[in-house]
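Novice: There's a structure below that I have some questions on.
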Amino acid sequence: MWEQRGPRVGWAGMATLGLIGSGHIGGTLARLAVGGGLDVVISNSRGPETLAGLAAELGPRARAATQAEAAAAGDWVVVTVPLKAYTQLPREALAGRTVLDTTNYYPERDGHIEALDNGSTTSSELLQDFLGESTHVVKAFNNIFFKHLGTLARPAGAQDRTALPIAGDDAEAKRRATELLDRLGYDAVDAGALAEGRRFQPGTPAYGPPYAKDPSRPFNEQEAGPASAAEIRAYLAKS
Ligand SMILES: NC(=O)c1ccc[n+]([C@@H]2O[C@H](COP(=O)([O-])OP(=O)(O)OC[C@H]3O[C@@H](n4cnc5c(N)ncnc54)[C@H](OP(=O)(O)O)[C@@H]3O)[C@@H](O)[C@H]2O)c1
(Lines give C-alpha, C1' and ligand atoms only; values in the text may rest on other atoms or scores of the structure.)
Protein backbone atom coordinates (compact mmCIF):
# COMPACT_ATOMS: atom_id res chain seq x y z
CA MET A 1 0.00 0.00 0.00
CA TRP A 2 1.36 3.42 -0.92
CA GLU A 3 1.83 6.25 1.49
CA GLN A 4 1.52 9.96 0.79
CA ARG A 5 4.74 11.73 1.70
CA GLY A 6 4.71 15.32 2.89
CA PRO A 7 1.88 17.83 2.88
CA ARG A 8 -0.19 18.46 -0.24
CA VAL A 9 -1.47 21.82 -1.30
CA GLY A 10 -5.09 22.43 -2.22
CA TRP A 11 -6.76 20.29 0.42
CA ALA A 12 -7.42 22.95 3.03
CA GLY A 13 -10.57 22.11 4.97
CA MET A 14 -11.04 18.78 3.16
CA ALA A 15 -9.38 16.32 5.40
CA THR A 16 -11.80 13.86 6.97
CA LEU A 17 -13.34 10.74 5.50
CA GLY A 18 -16.45 9.42 7.22
CA LEU A 19 -17.27 5.76 6.69
CA ILE A 20 -20.64 4.14 7.23
CA GLY A 21 -19.71 0.50 7.05
CA SER A 22 -16.22 -0.62 7.96
CA GLY A 23 -15.97 -4.11 6.55
CA HIS A 24 -13.97 -5.32 3.54
CA ILE A 25 -14.39 -2.17 1.45
CA GLY A 26 -14.80 0.31 4.32
CA GLY A 27 -11.73 -1.01 6.11
CA THR A 28 -9.69 -0.92 2.90
CA LEU A 29 -10.75 2.67 2.18
CA ALA A 30 -9.90 3.64 5.76
CA ARG A 31 -6.37 2.26 5.36
CA LEU A 32 -5.89 4.08 2.05
CA ALA A 33 -7.24 7.30 3.58
CA VAL A 34 -4.86 7.19 6.54
CA GLY A 35 -2.03 6.43 4.09
CA GLY A 36 -3.13 9.46 2.07
CA GLY A 37 -2.99 11.76 5.10
CA LEU A 38 -6.71 11.97 5.84
CA ASP A 39 -8.43 11.69 9.18
CA VAL A 40 -10.95 8.87 9.29
CA VAL A 41 -14.13 8.26 11.27
CA ILE A 42 -15.31 4.65 11.01
CA SER A 43 -18.73 3.28 11.95
CA ASN A 44 -20.79 0.13 11.55
CA SER A 45 -24.15 -1.32 12.65
CA ARG A 46 -23.02 -2.70 16.02
CA GLY A 47 -21.45 0.38 17.60
CA PRO A 48 -18.01 2.01 17.95
CA GLU A 49 -16.78 -0.37 20.66
CA THR A 50 -16.82 -3.22 18.11
CA LEU A 51 -14.40 -1.25 15.90
CA ALA A 52 -11.68 -0.76 18.53
CA GLY A 53 -9.35 -3.22 16.79
CA LEU A 54 -9.58 -1.54 13.39
CA ALA A 55 -9.29 1.92 14.95
CA ALA A 56 -6.13 0.85 16.81
CA GLU A 57 -4.65 -0.61 13.62
CA LEU A 58 -5.37 2.62 11.73
CA GLY A 59 -3.63 4.71 14.39
CA PRO A 60 -4.08 8.26 15.69
CA ARG A 61 -5.74 9.63 12.54
CA ALA A 62 -8.72 7.29 13.04
CA ARG A 63 -11.56 7.04 15.50
CA ALA A 64 -14.61 4.84 15.78
CA ALA A 65 -17.96 6.55 16.21
CA THR A 66 -21.67 6.23 15.53
CA GLN A 67 -22.96 6.38 11.95
CA ALA A 68 -24.39 9.87 12.55
CA GLU A 69 -21.04 11.08 13.90
CA ALA A 70 -19.20 9.63 10.90
CA ALA A 71 -21.69 11.37 8.59
CA ALA A 72 -21.31 14.70 10.39
CA ALA A 73 -17.50 14.58 10.59
CA GLY A 74 -16.79 13.59 7.00
CA ASP A 75 -15.89 16.08 4.29
CA TRP A 76 -16.77 13.04 2.22
CA VAL A 77 -18.94 10.20 3.51
CA VAL A 78 -18.69 6.73 2.03
CA VAL A 79 -21.68 4.44 2.44
CA THR A 80 -20.38 0.89 2.21
CA VAL A 81 -22.99 -1.45 3.65
CA PRO A 82 -25.04 -4.33 2.22
CA LEU A 83 -27.65 -2.69 -0.02
CA LYS A 84 -30.52 -4.13 2.02
CA ALA A 85 -29.47 -1.79 4.88
CA TYR A 86 -29.85 1.45 2.90
CA THR A 87 -33.17 2.45 4.50
CA GLN A 88 -31.52 2.30 7.94
CA LEU A 89 -28.89 4.93 7.09
CA PRO A 90 -28.88 8.19 9.11
CA ARG A 91 -30.78 10.27 6.55
CA GLU A 92 -30.81 13.52 8.56
CA ALA A 93 -27.10 13.37 9.39
CA LEU A 94 -26.30 12.83 5.70
CA ALA A 95 -28.39 15.79 4.49
CA GLY A 96 -26.36 18.11 2.29
CA ARG A 97 -23.28 15.87 2.16
CA THR A 98 -21.39 14.31 -0.72
CA VAL A 99 -22.01 10.59 -0.32
CA LEU A 100 -19.96 8.03 -2.18
CA ASP A 101 -21.90 4.82 -2.62
CA THR A 102 -20.06 1.50 -2.95
CA THR A 103 -23.12 -0.73 -2.62
CA ASN A 104 -24.08 -3.45 -5.06
CA TYR A 105 -27.31 -5.37 -5.44
CA TYR A 106 -27.01 -9.07 -4.73
CA PRO A 107 -30.57 -10.49 -4.44
CA GLU A 108 -29.30 -13.60 -2.64
CA ARG A 109 -27.92 -11.33 0.11
CA ASP A 110 -30.21 -8.32 -0.10
CA GLY A 111 -33.54 -9.97 -0.95
CA HIS A 112 -35.35 -9.14 -4.17
CA ILE A 113 -36.06 -5.48 -4.96
CA GLU A 114 -38.50 -5.34 -7.87
CA ALA A 115 -37.33 -2.03 -9.32
CA LEU A 116 -33.80 -3.44 -9.56
CA ASP A 117 -34.92 -6.82 -10.88
CA ASN A 118 -36.88 -5.16 -13.71
CA GLY A 119 -34.10 -2.66 -14.43
CA SER A 120 -36.29 0.42 -13.99
CA THR A 121 -33.72 1.96 -11.63
CA THR A 122 -30.29 1.31 -10.12
CA SER A 123 -29.09 0.75 -6.57
CA SER A 124 -27.44 4.18 -6.35
CA GLU A 125 -30.62 5.88 -7.57
CA LEU A 126 -32.56 4.06 -4.83
CA LEU A 127 -30.09 5.43 -2.29
CA GLN A 128 -30.33 8.92 -3.80
CA ASP A 129 -34.15 8.79 -3.60
CA PHE A 130 -33.97 7.68 0.03
CA LEU A 131 -31.49 10.39 1.05
CA GLY A 132 -33.31 13.19 -0.78
CA GLU A 133 -32.15 15.85 -3.19
CA SER A 134 -30.03 17.90 -0.75
CA THR A 135 -27.62 14.96 -0.52
CA HIS A 136 -25.50 14.22 -3.58
CA VAL A 137 -24.77 10.58 -4.23
CA VAL A 138 -21.81 9.53 -6.34
CA LYS A 139 -21.42 5.87 -7.24
CA ALA A 140 -17.81 4.82 -6.72
CA PHE A 141 -15.57 1.94 -5.59
CA ASN A 142 -18.33 -0.61 -6.31
CA ASN A 143 -16.72 -2.36 -9.28
CA ILE A 144 -13.38 -3.33 -7.75
CA PHE A 145 -12.66 -6.32 -5.50
CA PHE A 146 -11.57 -5.06 -2.08
CA LYS A 147 -8.19 -6.82 -2.23
CA HIS A 148 -7.47 -5.17 -5.58
CA LEU A 149 -8.59 -1.80 -4.18
CA GLY A 150 -6.06 -2.20 -1.40
CA THR A 151 -3.11 -2.95 -3.66
CA LEU A 152 -3.57 -0.87 -6.83
CA ALA A 153 -3.44 2.59 -5.21
CA ARG A 154 -0.59 4.75 -6.57
CA PRO A 155 0.47 8.39 -6.17
CA ALA A 156 -0.77 10.90 -8.75
CA GLY A 157 1.18 10.71 -11.97
CA ALA A 158 2.42 7.13 -11.47
CA GLN A 159 2.64 5.33 -14.82
CA ASP A 160 0.66 2.36 -13.52
CA ARG A 161 -2.04 4.39 -11.76
CA THR A 162 -5.47 2.76 -11.90
CA ALA A 163 -8.74 4.51 -12.76
CA LEU A 164 -12.15 3.89 -11.23
CA PRO A 165 -15.50 4.90 -12.74
CA ILE A 166 -17.79 7.33 -10.96
CA ALA A 167 -21.39 8.31 -11.74
CA GLY A 168 -23.56 11.05 -10.28
CA ASP A 169 -26.07 13.78 -11.08
CA ASP A 170 -24.25 16.68 -9.40
CA ALA A 171 -21.09 18.05 -11.05
CA GLU A 172 -19.66 19.55 -7.85
CA ALA A 173 -20.16 16.29 -5.95
CA LYS A 174 -18.35 14.43 -8.72
CA ARG A 175 -15.51 16.95 -8.55
CA ARG A 176 -15.23 16.31 -4.82
CA ALA A 177 -15.41 12.57 -5.37
CA THR A 178 -12.60 12.84 -7.92
CA GLU A 179 -10.50 14.69 -5.30
CA LEU A 180 -11.12 11.88 -2.83
CA LEU A 181 -10.16 9.20 -5.33
CA ASP A 182 -6.98 11.12 -6.12
CA ARG A 183 -6.18 11.38 -2.43
CA LEU A 184 -6.68 7.62 -2.05
CA GLY A 185 -4.46 6.79 -5.00
CA TYR A 186 -6.80 6.54 -8.00
CA ASP A 187 -7.80 8.42 -11.13
CA ALA A 188 -11.51 8.85 -11.85
CA VAL A 189 -13.42 8.25 -15.07
CA ASP A 190 -16.74 10.09 -15.23
CA ALA A 191 -19.32 7.60 -16.53
CA GLY A 192 -22.08 10.25 -16.54
CA ALA A 193 -25.32 10.62 -14.60
CA LEU A 194 -26.19 8.39 -11.64
CA ALA A 195 -28.36 6.23 -13.93
CA GLU A 196 -25.23 5.44 -15.95
CA GLY A 197 -23.96 3.57 -12.91
CA ARG A 198 -25.71 0.57 -14.49
CA ARG A 199 -22.67 0.40 -16.80
CA PHE A 200 -20.49 -0.84 -13.93
CA GLN A 201 -22.98 -2.81 -11.87
CA PRO A 202 -22.50 -6.53 -11.06
CA GLY A 203 -22.55 -8.62 -14.20
CA THR A 204 -21.19 -5.95 -16.55
CA PRO A 205 -17.76 -6.24 -18.23
CA ALA A 206 -16.55 -3.30 -16.11
CA TYR A 207 -17.37 -5.08 -12.84
CA GLY A 208 -14.27 -6.84 -11.49
CA PRO A 209 -12.19 -8.04 -14.47
CA PRO A 210 -10.55 -4.69 -15.33
CA TYR A 211 -8.53 -4.89 -12.11
CA ALA A 212 -7.45 -8.51 -12.34
CA LYS A 213 -4.15 -9.62 -13.84
CA ASP A 214 -5.98 -11.88 -16.29
CA PRO A 215 -9.42 -10.39 -17.07
CA SER A 216 -10.56 -13.66 -18.64
CA ARG A 217 -10.37 -15.55 -15.31
CA PRO A 218 -12.52 -15.05 -12.15
CA PHE A 219 -11.35 -11.70 -10.80
CA ASN A 220 -11.66 -12.52 -7.12
CA GLU A 221 -9.32 -15.51 -7.38
CA GLN A 222 -6.27 -13.70 -8.65
CA GLU A 223 -3.81 -10.89 -8.14
CA ALA A 224 -4.55 -7.30 -9.07
CA GLY A 225 -3.49 -5.68 -12.33
CA PRO A 226 -3.69 -1.93 -13.02
CA ALA A 227 -6.29 -0.45 -15.38
CA SER A 228 -5.81 2.93 -17.04
CA ALA A 229 -8.54 5.51 -17.65
CA ALA A 230 -8.57 4.56 -21.36
CA GLU A 231 -9.09 0.90 -20.48
CA ILE A 232 -11.93 1.75 -18.08
CA ARG A 233 -13.63 3.89 -20.76
CA ALA A 234 -13.40 0.94 -23.15
CA TYR A 235 -14.99 -1.39 -20.57
CA LEU A 236 -17.80 1.11 -19.91
CA ALA A 237 -18.48 1.38 -23.64
CA LYS A 238 -18.95 -2.41 -23.79
CA SER A 239 -21.56 -2.44 -21.00
N1 LIG B 1 -16.23 -7.00 -0.91
C2 LIG B 1 -15.93 -6.41 -2.07
O3 LIG B 1 -14.90 -6.72 -2.69
C4 LIG B 1 -16.83 -5.33 -2.60
C5 LIG B 1 -16.37 -4.61 -3.71
C6 LIG B 1 -17.11 -3.53 -4.18
C7 LIG B 1 -18.33 -3.21 -3.60
N8 LIG B 1 -18.79 -3.97 -2.54
C9 LIG B 1 -20.09 -3.57 -1.98
O10 LIG B 1 -19.82 -2.67 -0.91
C11 LIG B 1 -20.72 -2.91 0.18
C12 LIG B 1 -19.93 -3.34 1.41
O13 LIG B 1 -19.25 -4.53 1.07
P14 LIG B 1 -18.21 -5.21 2.07
O15 LIG B 1 -17.66 -6.37 1.35
O16 LIG B 1 -17.32 -4.20 2.64
O17 LIG B 1 -19.22 -5.74 3.19
P18 LIG B 1 -18.85 -6.29 4.66
O19 LIG B 1 -17.43 -6.67 4.72
O20 LIG B 1 -19.91 -7.29 4.98
O21 LIG B 1 -19.06 -5.00 5.58
C22 LIG B 1 -20.31 -4.41 5.70
C23 LIG B 1 -20.22 -3.29 6.70
O24 LIG B 1 -21.49 -2.63 6.73
C25 LIG B 1 -21.89 -2.53 8.08
N26 LIG B 1 -23.35 -2.51 8.16
C27 LIG B 1 -24.23 -3.49 7.92
N28 LIG B 1 -25.47 -3.08 8.10
C29 LIG B 1 -25.39 -1.78 8.47
C30 LIG B 1 -26.32 -0.79 8.83
N31 LIG B 1 -27.64 -1.04 8.85
N32 LIG B 1 -25.87 0.42 9.16
C33 LIG B 1 -24.53 0.69 9.17
N34 LIG B 1 -23.59 -0.20 8.86
C35 LIG B 1 -24.02 -1.43 8.51
C36 LIG B 1 -21.29 -3.72 8.76
O37 LIG B 1 -21.26 -3.49 10.16
P38 LIG B 1 -21.54 -4.67 11.20
O39 LIG B 1 -20.49 -5.66 10.94
O40 LIG B 1 -21.49 -4.01 12.51
O41 LIG B 1 -22.94 -5.17 10.85
C42 LIG B 1 -19.92 -3.74 8.12
O43 LIG B 1 -19.07 -2.81 8.74
C44 LIG B 1 -21.70 -3.98 -0.30
O45 LIG B 1 -22.84 -3.38 -0.85
C46 LIG B 1 -20.91 -4.70 -1.39
O47 LIG B 1 -21.73 -5.32 -2.36
C48 LIG B 1 -18.04 -5.00 -2.03
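The values are calculated or read from the model by the stated rules, or taken from the named source; none is laboratory data. From a predicted model like this one, the values you see are computed outputs, not experimental measurements. Counting neighbours? That spans all protein chains shown, and the Cβs are built from the backbone with ideal geometry, glycine included. Keep in mind that these areas ignore ligands, DNA and RNA; they rest on the heavy atoms of the full protein, side chains included. Shrake-Rupley method; radii C 1.70, N 1.55, O 1.52, S 1.80 Å.
Novice: Go through (1) assigned to a helix (DSSP H, G or I); (2) open to solvent by 10 Å² or more (accessible area, probe 1.4 Å); (3) under 19 Å from residue 25 (Cβ atoms) and name the single condition residue 180 misses.
Specialist: The single condition residue 180 does not satisfy is (2).
Novice: Next question. Got a sec? Which of 80, 66 is more than 19 Å from residue 211 (Cα to Cα), open to solvent by 40 Å² or more (accessible area, probe 1.4 Å) and at pLDDT 95 or above?
Specialist: 66
Novice: Report yes if some residue within the range 149-169 is within 16 Å of the ligand (Cβ to nearest atom) and basic (Lys, Arg); otherwise report no.
Specialist: no
Novice: Answer yes or no: is there a residue in the range 42-51 that is free of Cβ contacts under 8 Å to residues at least 60 places away in the same chain, open to solvent by 20 Å² or more (accessible area, probe 1.4 Å) and either within 23 Å of residue 177 (Cα to Cα) or away from the ligand (no atom under 12 Å from the Cβ) (or both).
Specialist: yes
Novice: Note down all Cβ pairs under 7 Å where the first residue falls in the range 10-24 and is more than 21 Å from residue 178 (Cβ to Cβ) and open to solvent by 40 Å² or more (accessible area, probe 1.4 Å), the second is modelled with pLDDT of 95 or more and not basic (Lys, Arg), and they're at least six residues apart or on different chains.
Specialist: Going by the 7 Å Cβ cut-off, the qualifying pairs are 24/146.
Novice: For residues that are away from the ligand (no atom under 14 Å from the Cβ) and within 16 Å of residue 134 (Cβ to Cβ), tally how many sit in the range 52-73.
Specialist: Residues in the range 52-73 being away from the ligand (no atom under 14 Å from the Cβ) and within 16 Å of residue 134 (Cβ to Cβ): 1 in total.
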